[in-house]
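Below is a structure I'd like to ask you about.
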Amino acid sequence: MNTCLLLIDAQESFRQRPYFSAARYAPWLAAQNALIEGCVARGVPIVRVLHCDGPERVDNPFSRASGQVRALAELAQYTPAAEFVKTRHSALVGTGLDVWLIRHGVRRLMVSGIRTEQCCETTTRHASDLGWEVDFVLEATLTFDMPEPDGRVLAADDILRRTATVLRDRFAQICDVQQALARA
């Protein structure tokens, strides 16, 4: 095994957030599912990473008590090679994912999931610093508009461009789904 897909935080919790956008979700889901299906067809293992944090209460969608810390219902069917639950932005902090990747001979990671500039980008930087080659599958990452400190709105498309710019050729190769699958 040389390549592995990390499917980061593609979980129901995000539907409960006020910034969730169905308009952004639909094209992301199509790309994410194409990536999953391509990995399944090629025998590329898929590692599911879920995010859990904050108070353990029913009204916190990122707590297990909410029932929302689970894979999105519309994701293409696959059997995860492994599943990890993280409490930090990087999937490599305190989860054992790094040990699993080393034990399974993984040298290249394909990163996808939710949120582009947070957990996907942070995991990418961390993985690169630890020596993994990373393909950041931009179209298979999802983010949403964010308020800037001065109250203006930073558009999700601008966040995507910024993330691609700062990761490209430093921490990762920026790929679309077909490019990532061809490299796998």
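What follows draws every value from the coordinates through simple rules; no lab data is involved. In this text, all values refer to a predicted model and were calculated from it rather than measured experimentally. Cβ placement follows ideal geometry from the backbone for every residue including glycine, while neighbour counts extend to all protein chains displayed.
Considering the range 143-177 alone, what residues qualify as being part of a strand (DSSP E or B) and over 17 Å from residue 129 (Cα atoms)?
146, 147, 153, 154, 175
Can you pull out the residues in the range 1-24 that are farther than 23 Å from residue 107 by Cβ, within 16 Å of the chain's Cα centre (by Cα) and either in a strand (DSSP E or B) or free of Cβ contacts under 8 Å to residues at least 12 places away in the same chain (or both)?
Once the filter is applied, which keeps residues that are farther than 23 Å from residue 107 by Cβ, within 16 Å of the chain's Cα centre (by Cα) and either in a strand (DSSP E or B) or free of Cβ contacts under 8 Å to residues at least 12 places away in the same chain (or both), the range 1-24 yields only 11.
Let me ask something else. Tell me, which residue of the range 86-139 that is more than 18 Å from residue 183 (Cβ to Cβ) and of a type in the set (Asp, Glu) is surrounded by the most Cβ atoms within 10 Å (Cβ to Cβ)?
Step by step, filter the range 86-139, then rank; the result is 121.
Follow-up. Taking the stated definitions as given, is residue 74 within 26 Å of residue 135 (Cβ to Cβ), part of a loop (DSSP other than H, G, I, E, B), acidic (Asp, Glu) and touching a Leu at 6+ places or on another chain (Cβ under 8 Å)?
yes
Give the residue that is farthest from residue 21 (Cα to Cα), with candidates limited to residues of the range 140-174 that are among the hydroxyl-bearing types (Ser, Thr, Tyr) and crowded, with 19+ Cβ neighbours inside 10 Å.
163
Return only the number of the condition from (1) assigned to a loop (DSSP other than H, G, I, E, B); (2) surrounded by 13 or more Cβ atoms within 10 Å (Cβ to Cβ) that residue 49 does not satisfy.
Here residue 49 meets the rest and fails (1).
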